[in-house]
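Asker: Here you go, one structure.
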Number of protein chains: 2
Amino acid sequence: MTRVPESIAGYAYGKLDVAASPVTVEDLERLKETVGFTSEDERYLRLAGGVLSGQTRAIVLLWRSQIIAHIPHLARHSRALDGSPLPDYLAASNLRFEQWILDTCLRAYDRPWLDYQHEIALRHTIAKKNRADGAPSTPFVPLRDIIAFVAVLNDTIRPYLAAREHSPADVEGMHRAWCRSVQLQLALWTGAYPKDEW
Amino acid sequence: MTRVPESIAGYAYGKLDVAASPVTVEDLERLKETVGFTSEDERYLRLAGGVLSGQTRAIVLLWRSQIIAHIPHLARHSRALDGSPLPDYLAASNLRFEQWILDTCLRAYDRPWLDYQHEIALRHTIAKKNRADGAPSTPFVPLRDIIAFVAVLNDTIRPYLAAREHSPADVEGMHRAWCRSVQLQLALWTGAYPKDEW
């Protein structure tokens, strides 16, 4: 199962209107070396994709409703500028967040993947935030909050990786591969961020 | 034990010639919220500081000699531009790397700590790399490699946290606190980086 539902509003993986990443495949190979990402991690991510599919809704609800919703300086990025809820925006971006979990685990890390990393980053910056949904929300998510929140993603995903009775060594391997991938993605996102949106 | 040796060349924590961070203590409090850093993490970091002191040399040797030394695009940042070794530069920066482990665990995260985070970042950029040691090395470490290498730091520190027979729950707690702190620091370092040194 590589898709959350068949169609997700604003999800444009591999589409022509996605930004082109300036990062080369050679840059990506060097970044993989830096982060220690190997073919074993690819195998573990495929395993993780199987484990997590079917759990993505619960995971994103945890992140968005149990954690982000209680941190005002994060919650506001899914709301209108006056703080009122934007349920359609939240619902659509939650589905894309779910799909991101599966894409992290199940996609090949190739040219279209690099381009979509760039697109994901831009969609948190003034260049593209709110556009896919026509949402009247905050103009950008500060990069520092994205970097910091990665620690929460990594920490809270672990019980879900352990939910299917794989061995502790396999859970450990899936989690290590996940953390490496997300840190690699974070490096790519940072490259797309304007300096003044830190 | 809050110091690796009594005196470390170029280590300037709390000194007047350290850069001033533009980040406010209020910004830091918000970042702590984003990363989920609590007083429990502070306690676990103190515990980790006790566990890791005495092991910092082995940890930094692992990072520098077993990992970085085998990745040419990382190893070059401790070498001369022609690739020849700079043993004094490497030794001094290794000691500061050791001290960073202890500072991560044992320092209060206050104004001087924020300033030293800024200083640490600048020392990887064109603004200040090589200066403390007068070393003829690469002009800067690309930010993306610092972000990606954090995954390696986090993954490889874990066995050292487990080396003193603390309970699995305490090892888990120490590791969670470590990862949160390093991701928080990474957010701060990113703010100090020029856009074109990504």
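Asker: Give me the net charge of B:SER21's neighbourhood, meaning all other residues with Cβ under 10 Å from the Cβ of B:SER21; Lys, Arg count +1, Asp, Glu -1.
Answerer: -2
Asker: Taking a quarter of the surface of the convex hull around the Cα atoms of the range B:129-187, what do you get in nm²? All intermediate terms of the calculation are to be shown ahead of the outcome.
Answerer: Numbers: hull surface 21.3 nm².
So the mean shadow area of the Cα hull is 5.3 nm².
Asker: Using Cα centres only, tell me the gap between the range B:23-64 and the range A:74-104 in whole Å.
Answerer: Centre-to-centre (Cα) distance: 30 Å.
Asker: Listed highest first by mean packing, meaning other Cβ atoms within 10 Å per residue, what order do B:135-141, A:91-97, A:16-22 come in? Don't skip to the end; give the middle numbers.
Answerer: On the way: B:135-141: 17.3, A:91-97: 19.1, A:16-22: 12.7.
Ranking the peptides B:135-141, A:91-97, A:16-22 by packing returns A:91-97, B:135-141, A:16-22.
Asker: Moving on. In chain B, how does Rg compare with the Kirkwood Rh, expressed as the Rg/Rh ratio over alpha carbon atoms? It would help to have the intermediate numbers written out before the result.
Answerer: Numbers: Rg = 16.3 Å, Rh = 17.3 Å.
Expressed as Rg/Rh, it is 0.94.
Asker: Label-to-label distances across copies for A:ASP82, with labels 7 Å out along Cα→Cβ, in nm, shortest first?
Answerer: 7.0
Asker: Now for a separate question. Give the Cα extents of the protein assembly as shown along the principal axes, in whole Å, largest first.
Answerer: Ordered largest first, the protein assembly as shown gives principal extents of 60, 43, 40 Å.
Asker: In a shell of Cβ-Cβ distance under 15 Å around B:LYS32, excluding B:LYS32 itself, what net charge do Lys and Arg (+1) and Asp and Glu (-1) give? Numbers along the way, then the final one.
Answerer: On the way: positive: A:ARG144, B:ARG30, B:ARG43, B:ARG107, B:ARG111, B:ARG176, B:ARG180; negative: A:ASP145, A:ASP155, B:GLU26, B:ASP27, B:GLU29, B:GLU33, B:GLU40, B:ASP41, B:GLU42, B:ASP110.
Here the count lands on -3.
Asker: With +1 on each Lys and Arg Cβ and -1 on each Asp and Glu Cβ, and nothing else charged, work out how big the dipole of the protein assembly as shown is about its Cα centre, in Debye to the nearest 20.
Answerer: On the way: 46 positive and 48 negative charges, 16 e Å.
So the dipole magnitude of the protein assembly as shown works out to roughly 80 debye.
Asker: Nearest the rotation axis from A to B, which residue of chain A has its beta carbon, and at what whole-angstrom distance?
Answerer: A:LYS195, 2
Asker: Further, regarding this structure: Provide the packing ranking of B:64-73, A:186-195, i.e. peptides ordered by the mean count of other C-beta atoms within 10 Å per residue, highest first.
Answerer: Numbers: B:64-73: 14.7, A:186-195: 21.3.
Listed from highest to lowest mean packing, they are A:186-195, B:64-73.
Asker: Right, next: Sort A:GLU6, B:GLU172, B:GLU29, B:GLU98 so that the residue with the fewest other Cβ atoms within 10 Å of its own Cβ comes first and the one with the most comes last. Walk me through the numbers before you get to the answer.
Answerer: Working: A:GLU6 5, B:GLU172 17, B:GLU29 11, B:GLU98 24.
Starting with the residue having the fewest Cβ neighbours, the order is A:GLU6, B:GLU29, B:GLU172, B:GLU98.
Asker: Same structure again: For B:LEU16, place a label point 7 Å out from Cα along the Cα→Cβ vector, do the same in each other copy, and report the separations in nm, one decimal, smallest first.
Answerer: 6.5
Asker: How crowded by other chains is B:192-198, given as the mean number of beta carbons from other chains within 10 Å of each beta carbon? It would help to have the intermediate numbers written out before the result.
Answerer: Values: counts 1, 3, 1, 7, 1, 0, 8.
Counting other chains' Cβ atoms within 10 Å and averaging over B:192-198 gives 3.
Asker: Still on this structure, I have one more. More than 21 angstrom separation, counting every C-alpha pair in the range A:1-104; what % is that?
Answerer: Details: 2804 of 5356 pairs.
Across the range A:1-104, Cα pairs with separations above 21 Å total 52 percent.
Asker: Please give the average number of partner chain Cβ atoms lying within 10 Å of the Cβ of each residue in B:151-160, rounded to a whole number. Before the final figure, lay out the partial values.
Answerer: On the way: counts 16, 5, 0, 6, 8, 1, 0, 2, 0, 0.
Rounded to a whole number, the mean comes out at 4.
Asker: State, to one decimal in nm and shortest first, how far the label point of A:PRO139 sits from each corresponding label point in the other identical copies (label point: 7 angstrom along Cα-to-Cβ).
Answerer: Label-point distances to the other copies, shortest first: 3.1 nm.
Bear in mind these aren't lab numbers, they're just calculated from the coordinates by the rules spelled out. Computed from a predicted structure; not experimentally measured. Methodologically, a virtual Cβ is constructed for each residue, glycine included, from the backbone with ideal geometry; neighbour enumeration extends over all protein chains shown.
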